[in-house]
Amino acid sequence: MPYWLDSPDAPPPTEPLRQNTRADLLVVGGGFTGLWAAIQAKEQNPNLDVVLIEAGRVGHGASGRAGGIISTSIMHGLPNAVRVFPQDIEQLEAFGRDNLDGFEATLVRYGIDADIEWSGEMTVAVDDAHLAALRDDYELHRRYGHQVEWLDRAQLAEQIRSPLFAGALWSRERSGTVHPAKLAWGLRRVALQLGVRLHEMTPLMRLRDRGATVEVTTPGGRIVTPRVLLGSGTAHIGVRDIQRRVAAVRDHVLATEPLSADQMARIGWAQRQGIYDTRTQLNYFRLTRDNRIIFGGLVSYHYNGDPNPPEDAQIATYHRLAQAFYRTFPQLHDVQFSHAWGGPIDYCSRGSVFAKPYLGGKAVFVAGYTGFGIGASRFGARMGLNMLLDHPGPERQLDIACLSPTWIPPEPLRWLGARITFHAFDGADAEGGWKRAWIQAIKALGFPM
C-alpha cells in the first residue's frame, strides 16, 4: 500500500449508487481531476446538481500514489511547454502561476491541511556531463521570469549532500511538496460540503449517447445527465479513442522509515525542496512531515496498461530503485524502507493535460498529465468544465484546448516500443550507443522523455 494511504485519517467510503438518478453534471473519477471539477462547478453555480462517482475510493488511483511534488507547470515542465506550444508559452506560464495561486487559495479558504510546504523544487545534475543541459534549463527559466537559483557543486552541498550531485537548478517560487492523500481527502470533504453527491465503489460500466442526454450505467443504477466530465485517467471506460491517446505507464516509489536527527544531519536538506535528478531513468525525492524520504522512479509498462501487474507486489521489482537510493545517499546505509508501491501515470504524446470532447460535446475527457497532475489537475478540470459548459475560458483560444495529443501506437507495438525504450533508459547514461540513439529518436518524434 502507498505510504500516503496507510493512514488512520482515511475517511470511510460513501455509499455506492443503489438507484437510478438524474444530475445536471456527472463527474466520473474521484482523483484530483474529478474532485477539482466537482468543486469548481459548485463554486461557479451552487444550484448545479453535481454527482461524482468513483470506481473504488477517492484518492486510491494515481492521485494517492504520486510523489507529491508540485510546481506551476501545467505542461510537464517549461522545456516541454516550449517544445510543444512555443507560440503560446507566455499565456501558458500565466495560467500556471494563476493555477497555483488558486490552488493555494482553495486550501486556505476551506482549511485543508495537506502537509503543504512551499520549499521550492530542485533539479540536480548527477554528473558533470549533465551540467550544460541543466544550465540551458536555468537560462530558459530566467527568460520566462522564474525565480531560480543556480547552485554549483559546493553550493548544492550546503543544501543537500550526495556524492552524485554536480550542480542544481532551484526554482523557489510557487512550488514545493504536499501529502497527496490528505489533499484528496480534503478536497473530498469540500466537495461534500458544497453539496456534491458522491458515490464511491461505483464503477462506470457503460456510457451511452441518448441524444439530448448521456446515460451512464453502474452496478447499482443508471445516471442520466446532459453533461459528463470524465476524469477517469488511465481506466478503460469504453471510449476507444481515449486509449489511443493515453497510455498507463507505471511509476514505482519507496518510503523510508522516519529519519533520526543524526541521519538528517548527514544529508542536510534543511530547506526540504522537492527534487528531481537528471538520470535518463530519473529519480525524484522529497521529505514527509515526519522526515521520511519518498524516493520514486523506475518506470515500466505492462501489456494493455494492466492496472494491477503482479510485479508491483514483488519485492524484487524495487531492488534497483533501492540501489539507486543508496547510491544517491550512501551515508544513509542504515536507513530502512517501510513502504513500496507502484502506480499509474497517464502518459500522452505531448506530455501535458488535454481536454477532448466526445458524444457531440456532451462528454469531455481530461487527462494526460504525464506525471505533473497534482498541481495541473486543477487547471485541467477548469479547462474541461469550460469546454463542457461552453464557458469562454481564455485557454479555449489556444492550442492546448483546441488540439489533442497524437495517437500512441496500439498493442502489441505499444508494449514492444515501451519495452525497448525503458530498456534503453536503464543504461543510456553509462553506455550511450544505441540506447542513447533510440532515446533521441523517440524525442524527435515528439514524445516527452
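A dipole drawn for the stretch 186-337 from +1 and -1 charges on Cβ atoms has a positive end, and of MET201, GLY221, ALA247 the residue lying farthest that way is GLY221.
Ordering 396-407, 380-391, 355-366 by mean Cβ neighbour count within 10 Å, with the highest value first, yields 380-391, 355-366, 396-407. Look at [x] 1.06; [y] 0.91; [z] 0.95: the one that is Cα Rg over 2.2 N^0.38 Å derived from this structure is [z]. Under a model in which nothing but the beta-carbon of Lys, Arg (+1) and Asp, Glu (-1) is charged, the stretch 191-245 shows a dipole of about 160 debye around its Cα centre.
Structural descriptor for the chain: relative contact order 23 percent, calculated from alpha carbon pairs under 8 angstrom and at least 6 residues apart. On the stretch 304-392, 56 percent of the accessible area sits on carbon and sulfur atoms, based on a 1.4 Å probe. Taking a ≥ b ≥ c as the square roots of the Cα gyration tensor eigenvalues, the stretch 192-259 comes out oblate, since a/c reaches at least 1.5 and a/b does not exceed b/c. The long axis of helix 180-193 is offset from the longest Cα principal axis of the chain by roughly 20 degrees. The H on the amide N of TYR358, modeled in the peptide plane, is under 5 Å from the matching H of ALA363, VAL364, PHE365, each at least 5 residues off or on a different chain.
Accessible area per residue for the chain is 41 Å², calculated with a 1.4 Å probe on protein heavy atoms, without ligands, DNA or RNA. Charges were assigned to the Cβ only: +1 to each Lys and Arg, -1 to each Asp and Glu. The resulting dipole of the chain about its Cα centre is roughly 1100 debye. The share of accessible area on the stretch 1-111 that comes from carbon and sulfur is 49 percent, using a 1.4 angstrom probe. What fraction of the DSSP beta bridges in the chain is antiparallel, stated in percent and rounded to the nearest 5? Within the chain, antiparallel bridges account for around 70 percent of the total.
Where the centre of each part is set by its Cα atoms, how far does the stretch 75-152 sit from the stretch 1-22, in angstrom? Using only Cα atoms to place each centre, the spacing works out to 33 Å. Sequentially through the stretch 345-358, phi angles give Karplus couplings (6.51, -1.76, 1.60; θ = phi - 60°) of 10, 7, 7, 9, 5, 9, x, 8, 4, 9, 10, 10, x, 9 Hz, Gly and Pro residues having no value and appearing as x.
Report the Cα centroid-to-centroid distance between the stretch 183-214 and the stretch 224-239 in angstrom, as an integer. Distance between centres, Cα-based: 10 Å.
With contributions of -39500 (n - 2.57) from each DSSP H run of at least four residues, the per-residue ellipticity at 222 nm computed over the chain stands at -10000 deg cm²/dmol. Taking other residues whose beta carbon is less than 12 angstrom from the beta carbon of ARG135, and scoring Lys, Arg as +1 and Asp, Glu as -1, yields -4.
The values are calculated or read from the model by the stated rules, or taken from the named source; none is laboratory data. All of these numbers come straight from a predicted model, not from anything done at the bench. Reconstructed Cβ throughout: ideal geometry from the backbone, glycine too, with neighbour counts over all protein chains shown. To get the accessible areas, we keep the full protein, side chains included, count just its heavy atoms, and leave off ligands, DNA and RNA. Shrake-Rupley method; radii C 1.70, N 1.55, O 1.52, S 1.80 Å.
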